Amino acid sequence: MENKQVVIPQFGEPEVLTIQRSVVPEPKRGEVVIKVAFAGVNPIDVKTRAGLGWAAAQNRENLPWVLGYDVSGSVYRCGEGVEALEVGDKVAGFIGFPLQGGGYSQYVTVLESALSLVPDSVTLEAAAALPLAGQTAIQALDKVSVQEGQRILILAGAGGVGHIAVQLAVAAKAEVFTTCSEANLDYLATLGAHAINYHFAPVSERVEEADALVDLVGGDAALDALKCLKDGAKVVTVPTLSAELICEKAKLLGFEATGMLVDPNREQLDAMLYLVSIGLLKTEIYHVYPMDQVVDAHIQMETGHTRGKILLDMQC
Ligand SMILES: NC(=O)c1ccc[n+]([C@@H]2O[C@H](COP(=O)([O-])OP(=O)(O)OC[C@H]3O[C@@H](n4cnc5c(N)ncnc54)[C@H](OP(=O)(O)O)[C@@H]3O)[C@@H](O)[C@H]2O)c1
């Protein structure tokens, strides 16, 4: 049985992405082999493919390298000592982060302890949309300790991280303001946020006295958003490239500010899968690309204007 994987043989444009054929891996002790149904595509995949960021820097000598951190699928084989999972179970996970990757594979080995069971009422598409983006949303909201009644500003509410962060902040009974382009205004309003068109005017002209900022854009948009905050507000800036600059400026203005690097946490994925299963959280899937159209998937991700998530269908 062959195992098709999407690899980067060298860093570069989306066209460098190549399908490699290998054998289905054997599980070691405590591991299972997942037959991957869907792999999530994240901005870090695109940056790493282009040779940018620390995942690329660390893997310069490891090419060809298999991208991908988000998977959903079914257990195909169990290694010795696996207790909680059985062949056929539906699972999802945030795997190989940050240096190993491996998610853009038809079959991949993962420690059973890193995997969540996907409830029957949750689709494998929804499960693949949640791991990296959803855990980033939870951890970013934790950093600003979002609370009932607070006014929270989330930049880029329509993206992979943003659409989950908006829903979780609304569920925590915060008053949520978020930025987007015109095409996403209605979508974000239906999630319960005050949606603000950032093309129309800077957000600083539309929001004031916010208790917290979750920045998913960085750069000038984040610097402008600092003007929306009240004294003592908390800031988390998620894009790593501009984090140092934003934190420095925010601290000069007297705010508590931090960057972050998402940390895989199975319990957080379990919690989100549960919320999806009872209808309290909805994933937005922009498009599912067959794995052999991965180049188009990366081109779409690079637009920076994907609503929700992009997935790869790994079995067609
Ligand atoms: N530090 C970490 O651990 C970590 C983890 C995850 C993600 N990240 C980073 O966090 C950022 C967000 O990730 P993501 O997965 O949510 O990205 P994404 O899905 O690619 O975000 C796309 C969304 O960004 C919105 N957008 C683009 N420019 C905007 C602007 N100027 N103002 C407001 N919205 C804007 C778009 O909405 P419109 O089409 O409406 O403009 C689109 O819906 C990325 O930079 C990513 O690399 C960091």
| task | Would you be able to say whether some residue in region 289-307 is more than 22 Å from Ala55 (Cα to Cα), assigned by TED's automatic domain parsing to the domain that holds Leu17, of a type in the set (Asp, Glu) and more than 16 Å from the ligand (Cβ to nearest atom)? | result | yes
| request: Restricting attention to region 189-224, report how many residues are closer than 18 Å to Thr303 by Cβ and in a helix (DSSP H, G or I). | output: 2
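Do we find that Leu245 is of a type in the set (A, V, I, L, M), part of a helix (DSSP H, G or I), in the same structural domain as Thr179 (by TED's automatic domain parsing) and within 16 Å of the ligand (Cβ to nearest atom) in this structure? Working first, answer last.
Working: of a type in the set (A, V, I, L, M): yes; part of a helix (DSSP H, G or I): yes; in the same structural domain as Thr179 (by TED's automatic domain parsing): yes; within 16 Å of the ligand (Cβ to nearest atom): yes.
Here the answer is yes, as Leu245 does meet what is asked.
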| task | Of the numbered conditions (1) within 13 Å of the ligand (Cβ to nearest atom); (2) open to solvent by less than 20 Å² (accessible area, probe 1.4 Å), Ala250 fails exactly one; give the number of that condition. | result | (1)
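Quick one: in region 197-206, of everything that is surrounded by 14 or more Cβ atoms within 10 Å (Cβ to Cβ) and more than 9 Å from the ligand (Cβ to nearest atom), which residue is farthest from Gly149 (Cα to Cα)? Break it down into steps so the answer makes sense when it comes.
So the first thing to find is which residues in region 197-206 are surrounded by 14 or more Cβ atoms within 10 Å (Cβ to Cβ), and the list is 197-198, 202-204, 206.
From what's left, more than 9 Å from the ligand (Cβ to nearest atom): 202, 204, 206.
On the way: Pro202: 24, Ser204: 21, Arg206: 19 Å.
Going through the qualifying residues, I end up with Pro202.
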| request: Could you please give the count of residues in region 62-78 that are touching a residue at least 12 places away in the same chain (Cβ under 8 Å) and open to solvent by 10 Å² or more (accessible area, probe 1.4 Å)? | output: 8
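Yes or no: Gly254 over 30 Å from Ser121 (Cβ atoms), of a type in the set (Gly, Ala, Ser) and in a strand (DSSP E or B)?
Working: over 30 Å from Ser121 (Cβ atoms): yes; of a type in the set (Gly, Ala, Ser): yes; in a strand (DSSP E or B): no.
Spelling it out, it is not the case that Gly254 is over 30 Å from Ser121 (Cβ atoms), of a type in the set (Gly, Ala, Ser) and in a strand (DSSP E or B).
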| task | Could you grab me the full set of residues in region 271-295 that are in a helix (DSSP H, G or I), surrounded by 15 or more Cβ atoms within 10 Å (Cβ to Cβ) and not hydroxyl-bearing (Ser, Thr, Tyr)? | result | Ala271, Met272, Leu273, Leu275, Val276, Met291, Gln293, Val294, Val295
| Is there any pair with a first residue in region 181-207 that is touching a residue at least 12 places away in the same chain (Cβ under 8 Å) and a second that is assigned to a helix (DSSP H, G or I) and not hydrophobic (A, V, I, L, M, F, W, C) whose Cβ atoms are under 6 Å apart and which are 6 or more apart or on different chains, and what are they? | Leu191/Gln167; Asn197/Glu182; Pro202/Asp224; Ser204/Asp224; Ser204/Lys227
| field | region 246-262 residues that are free of Cβ contacts under 8 Å to residues at least 24 places away in the same chain, paired with ones that are outside any strand (DSSP E or B) and hydroxyl-bearing (Ser, Thr, Tyr) (beta carbon under 7 Å, 6 or more apart) | value | Gly259/Thr240
| request: Test Gln20 against the criterion of being open to solvent by 40 Å² or more (accessible area, probe 1.4 Å), in contact (Cβ under 8 Å) with a residue 40 or more places away in the chain and within 16 Å of the ligand (Cβ to nearest atom), and give yes or no. | output: no
| request: Among what's in region 72-87 and is among the small types (Gly, Ala, Ser) and closer than 18 Å to Lys28 by Cα, pick the residue that is nearest to the chain's Cα centre (by Cα). | output: Ser74
| said: Under 6 Å between Cβ atoms, which residue pairs at least 6 apart in sequence (or on different chains) link something in region 211-224 that is under 12 Å from Val236 (Cα atoms) with a partner that is near the ligand (Cβ under 9 Å from one of its atoms) and acidic (Asp, Glu)? | reply: Ala222/Asp215
| note | Just one listed residue, out of Thr179, Thr190, Thr240, is loosely packed, with under 14 Cβ neighbours inside 10 Å, under 21 Å from Ala133 (Cβ atoms) and of a type in the set (Ser, Thr, Tyr), and it is Thr190
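The values are calculated or read from the model by the stated rules, or taken from the named source; none is laboratory data. The shown structure was predicted, so the numbers you read here are calculated from the model rather than taken from an experiment. With ideal geometry, Cβ positions are generated from the backbone for all residues, glycine too; neighbour counts draw on all protein chains shown. Note: accessible area is taken over every heavy atom of the protein model, side chains too, but ligands, DNA and RNA are not part of it. Shrake-Rupley method; radii C 1.70, N 1.55, O 1.52, S 1.80 Å.
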